[in-house]
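One structure is given below, encoded as structure tokens.
Just so you know, all these numbers are worked out from the coordinates, no wet-lab data involved. Just so it is clear, the structure is predicted and the values come from calculations on it, not from any experiment. Every residue, glycine among them, receives a Cβ derived from its backbone with ideal geometry; neighbour counts consider all protein chains shown.
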Amino acid sequence: MEDREIFKLATEAANQSYSPYSKFRVGAALLCEDGSVVTGANVENRSYGLAICAERSAIVSAIAQGKRSFRALAVSTPDAAYPVSPCGACRQFISEFVGKDFPISFGGSDGTVVHTTMGELFPHDALHELAER
């Protein structure tokens, strides 16, 4: 599956967002090792701390389906005029399940898509560094 296809699925997933407070939809598409794609959307709550991001939504859904190996992640923020990267909490969460070379792409409504890796987004992952000892 091509990057464009995964990003398109992430944008479609953003349409399922529950974001009545921020009005900021986010969708994620997680390409699993078996070739399947699991999507997620952000789900807000009146208590912002209880909201869940699209990235975590997709990963949690995949784990609940028994999937543990992943090939790529795309994140779409169609309500932003520019690419918005995963937040710090999501970077920590994603890093639990993938290595530093894991590809991540993200983009907004302007058509620009940033292609990066987990290691570039989260360069000082002390937990993985400890596990490598």
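Taking other Cβ within 10 Å of each residue's Cβ, how do K67, K23 sort, fewest first?
By the 10 Å Cβ count, ascending: K23, K67.
Counting other C-beta atoms within 10 Å, which of C32, C87, C53 has the fewest, and how do the rest follow?
The order, fewest Cβ neighbours first, is C87, C32, C53.
Summing +1 for each Lys or Arg and -1 for each Asp or Glu, what net charge is found among the other residues whose Cβ lies under 15 Å from the Cβ of I63? The partial results should precede the final answer.
Details: positive: R56, K67, R68; negative: E33, D34, E55, E96.
Result for the local shell: -1.
Under a cut-off of 26 Å between alpha-carbon atoms, report the lysines in cross-link reach of K23, not counting same-chain residues fewer than 8 places apart.
K8
To the nearest 20 debye, what is the magnitude of the charge dipole of region 3-131 about its Cα centre, counting +1 on the Cβ of each Lys and Arg and -1 on the Cβ of each Asp and Glu?
320
Given the options T116, T11, T39, which has the most mean-square fluctuation in a GNM of the chain, springs set between C-alpha atoms less than 10 angstrom apart?
Between T116, T11, T39, it is T116 that shows the largest mean-square fluctuation.
Work out the charge dipole of the chain with +1 on the Cβ of Lys and Arg and -1 on the Cβ of Asp and Glu about the Cα centre, then indicate which of G66, P83, F24 is farthest towards its positive end.
Of the candidates, F24 comes out farthest on the positive side.
What is the distance, in nm, between label points placed 7 Å from the Cα along the Cα-to-Cβ direction at Y18 and at S61?
Those two pseudo-labels are separated by 1.3 nm.
Going Cα to Cα from K100, which aspartates and glutamates come in below 13 Å? Please leave out same-chain ones fewer than 8 positions away.
Filter leaves E120, D125, E129, E132.
Using 0.36 nm per residue of separation minus the Cα-Cα distance, give me the extension gain between D3 and S36 in nm, one decimal.
10.5 nm
Kindly give the semi-axes, whole Å and largest first, of the ellipsoid equivalent to region 3-131, taking each as the square root of 5 times a Cα gyration tensor eigenvalue. Please report the intermediate quantities before stating the final value.
Working: eigenvalues 89, 53, 46 Å².
Computed over region 3-131, the values are 21, 16, 15 Å.
In nm, give the distance between the simple-model label positions of A126 and Y48, each being 7 Å from the Cα along the Cα-to-Cβ direction.
In this crude label model, A126 to Y48 measures out at 2.6 nm.
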